[in-house]
Ligand code: TXA
Ligand code: MG
């Protein structure tokens, strides 16, 4: 037996009103340098004391995460940001007041009060205040900023349930707070406020349109526009890895719906002729359109939020099947759809634009 294996405890908690005794117990694990997974309104996070370099390092070990990919510090109030960031601009304060608690992570100048393991050596730090009673209660009780990436094995789709977290991390972390299904299903928007004009490094629940509506200048990182380019020095180190990916190769087909369907049918019959088993990820309205394949639905085309909620679970479901290849319908990259399209593009081994 591996003597390093941890006994991972699973505590069920009420997501609106978590039992104080359980939160206390979980916070004491964090205080002792341990790892606790918890639900947020985006996906499950894997938390450690953000001021304890050794504890933060063990997050990387548990996830198998490359050590050059920095973590977000989760806070329970804006004062914590003032305490640990190098500087807080007026724009940063305005955005935090507008969108917190909520799915926005702000990248601010870093400070030496936070161990370098959190920022992976960058001179900036990301902060976020999650909109979830369990997460907020845990951070408050711990009394420290909680460093937390998504609670998945690195490279896998982020967990939207405690079960996903358990599958990936059992034996490697101390505890999981099970608060049921996480809310949105995709991770927070990562917004770099250290540049002259704010840059969205990762699209998420707070959209480009939401930020512009406040009269705030904002641009998309070039990797989100020219997403097929492999950027040599991405500003968000997490952007350079294939992510959110099921084990089998995934071909993403983008474009007008009718043409996407035709392209998938064409590819499916070509792969079937090679004896391959084909999975298709599609809108629920298109479930019957791909005979001879194993179809899994995620949401409806006209409702990006419904696709976001189901996407990671659908990607994980393909791993329980023995498909050789997955063909996925694309999503229109506007509003929350940009976040969904981004995750699909990052999960894909190949991206095809369907043409009429
Ligand atoms: O919704 C979320 O953000 C979830 C929940 C648990 O809060 N967390 C999450 O963390 O998705 P993670 O570690 O899986 O993704 C954090 C992203 C990575 O792409 C990382 O590179 C980027 O944020 N990031 C963190 N600190 C940064 C920094 N100082 N500068 C640029 N990018 C940073
Ligand atoms: Mg992640």
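For the reader, a short list of remarks on this structure follows.
- Residue check, residue 110 crowded, with 17+ Cβ neighbours inside 10 Å, more than 21 Å from the chain's Cα centre (by Cα) and within 11 Å of ligand 1 (Cβ to nearest atom): yes
- Residue match in region 25-37 (condition: in contact with a helix residue (DSSP H, G or I) (Cβ under 6 Å, 6 or more places away or on another chain), away from ligand 1 (no atom under 16 Å from the Cβ), in a helix (DSSP H, G or I) and farther than 30 Å from residue 336 by Cα): yes
- Considering region 49-104, the qualifying helices (runs of 4 or more DSSP H), each wholly inside and each with 1 or more residues that are free of Cβ contacts under 8 Å to residues at least 60 places away in the same chain, under 29 Å from residue 172 (Cβ atoms) and away from ligand 2 (no atom under 16 Å from the Cβ), run over 53-63.
- Single unsatisfied condition, residue 196 versus (1) within 13 Å of ligand 1 (Cβ to nearest atom); (2) part of a loop (DSSP other than H, G, I, E, B); (3) modelled with pLDDT under 95; (4) over 19 Å from residue 64 (Cβ atoms): (1)
- Taken residue by residue, region 146-169 has no member that is more than 16 Å from ligand 2 (Cβ to nearest atom) and in a strand (DSSP E or B).
- Per-region count, region 224-264, residues at pLDDT 85 or above, outside any loop (DSSP other than H, G, I, E, B) and either more than 21 Å from the chain's Cα centre (by Cα) or within 16 Å of ligand 1 (Cβ to nearest atom) (or both): 11
So that you can scan it fast, the table gives a plain yes or no per residue for (1) crowded, with 21+ Cβ neighbours inside 10 Å; (2) over 21 Å from the mean Cα position of the chain (by Cα); (3) over 17 Å from residue 192 (Cβ atoms); (4) away from ligand 1 (no atom under 13 Å from the Cβ):
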residue: 57; (1), (2), (3), (4): no, no, yes, yes
residue: 65; (1), (2), (3), (4): yes, no, yes, no
residue: 83; (1), (2), (3), (4): no, yes, yes, yes
residue: 86; (1), (2), (3), (4): no, yes, no, no
residue: 93; (1), (2), (3), (4): no, yes, no, yes
residue: 103; (1), (2), (3), (4): yes, no, no, no
residue: 106; (1), (2), (3), (4): yes, no, no, no
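- Residues located in region 28-43, provided they are more than 16 Å from ligand 2 (Cβ to nearest atom) and surrounded by 23 or more Cβ atoms within 10 Å (Cβ to Cβ): 30, 36
- Those residues of region 206-223 which are out of contact with any strand residue (DSSP E or B) (no Cβ under 6 Å at 6 or more places or on another chain), at pLDDT 95 or above and within 15 Å of ligand 1 (Cβ to nearest atom), in sequence order: 207
- Among the conditions (1) surrounded by fewer than 23 Cβ atoms within 10 Å (Cβ to Cβ); (2) within 13 Å of residue 49 (Cα to Cα), residue 142 misses just one, which is (1).
- Just one of (1) assigned to a loop (DSSP other than H, G, I, E, B); (2) within 25 Å of residue 166 (Cβ to Cβ) fails for residue 343. It is (1).
- Counting residues in region 134-142 that are within 16 Å of ligand 2 (Cβ to nearest atom) and in a helix (DSSP H, G or I) gives one or more.
- Number of positions in region 115-129 that are in a loop (DSSP other than H, G, I, E, B), surrounded by fewer than 21 Cβ atoms within 10 Å (Cβ to Cβ) and more than 16 Å from ligand 2 (Cβ to nearest atom): 4
- Within region 147-166, the set of residues being away from ligand 1 (no atom under 12 Å from the Cβ) and in contact with a helix residue (DSSP H, G or I) (Cβ under 8 Å, 6 or more places away or on another chain) comprises 161, 164.
The values are calculated or read from the model by the stated rules, or taken from the named source; none is laboratory data. Model, not experiment: these values are computed from the prediction. Don't worry about glycine lacking a Cβ; one is built from the backbone with ideal geometry, like all the others, and counts go over all protein chains shown.
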